[in-house]
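These notes are about the structure you will find just below.
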Amino acid sequence: MAILKNGLLLVTGVVLGGVGTLLAVAAGWFDPRTAMTSSHEWGEFPYSAKVEMMDDGRTLKLLEDFVYIDPRKKPWVAPKGTIVDGASIPKPFWTIVGGPLEGEYRKASIVHDEGCVRKTESWENVHLMFYEACRCAGLPEKKAKLMYAAVYHFGPRWETKTVSEVK
């Protein structure tokens, strides 16, 4: 029984710590941005996403490469043929922040999904890119920080894969 109580307290502490961080970010006490050197404060989406709706009613297929260029001029590419499902927002929160393929975070979710699948960048950089891409697409600061905190604390994490070319 004592172990269960300690385990429960530990889980409660982790959950409360995550919620506290979410609230701090939403209140504007924490700014996840790094120094910006671009003339576009949040980067740019050079063109619109061209997609096909899949028969499952939940996913989209990219008909062309889709690119986000971050404030440091790094391109984040989701290649033609990529299947995306939008932001991974739990269904109970859809009425609060919107559905997975709605709103200003839709474009950011495309390149974020690809970054999470490809795993050639650190999870921290991919999640930060999501925040910057949300801001670039017009998501208000507090909502973008809330979504960044959620993906940072509850989103996927991985060891970075290295890609090498054999000649």
**Q.** Candidate set: the range 41-68, residues that are in contact with a helix residue (DSSP H, G or I) (Cβ under 6 Å, 6 or more places away or on another chain) and assigned to a strand (DSSP E or B); chosen: the one nearest to P79 (Cα to Cα)
**A.** F66
(Q) Against the condition part of a loop (DSSP other than H, G, I, E, B), modelled with pLDDT under 95 and open to solvent by less than 40 Å² (accessible area, probe 1.4 Å), how does G138 come out, does it pass? (A) no
Q) Give me the pairs: first residue in the range 134-158 and among the acidic types (D, E), second residue in a helix (DSSP H, G or I) and crowded, with 17+ Cβ neighbours inside 10 Å, beta-carbon distance under 8 Å, and six or more apart or on different chains, which are they? A) E141/R135
Q. How many of the residues in the range 82-127 are at pLDDT 85 or above, outside any helix (DSSP H, G or I) and within 12 Å of G155 (Cα to Cα)?
A. 0
(Q) Suppose the filter is over 24 Å from R157 (Cα atoms) and either modelled with pLDDT of 90 or more or open to solvent by less than 20 Å² (accessible area, probe 1.4 Å) (or both); does F130 pass it? (A) no
Q: Out of the residues in the range 141-167 that are of a type in the set (A, V, I, L, M) and open to solvent by less than 70 Å² (accessible area, probe 1.4 Å), state the one that is modelled with the highest pLDDT.
A: A144
Q: Take the residues in the range 46-76 that are aromatic (F, W, Y) and surrounded by 18 or more Cβ atoms within 10 Å (Cβ to Cβ), then tell me which one is farthest from E132 (Cα to Cα).
A: F66
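The values are calculated or read from the model by the stated rules, or taken from the named source; none is laboratory data. Quick caveat, the model's predicted, so the values are computed rather than measured. As a convention, Cβ positions derive from the backbone with ideal geometry for all residues, glycine included, and neighbour counts pool all protein chains shown. Ligands, DNA and RNA are excluded from the accessible area calculation, which covers all protein heavy atoms including side chains. Shrake-Rupley method; radii C 1.70, N 1.55, O 1.52, S 1.80 Å.
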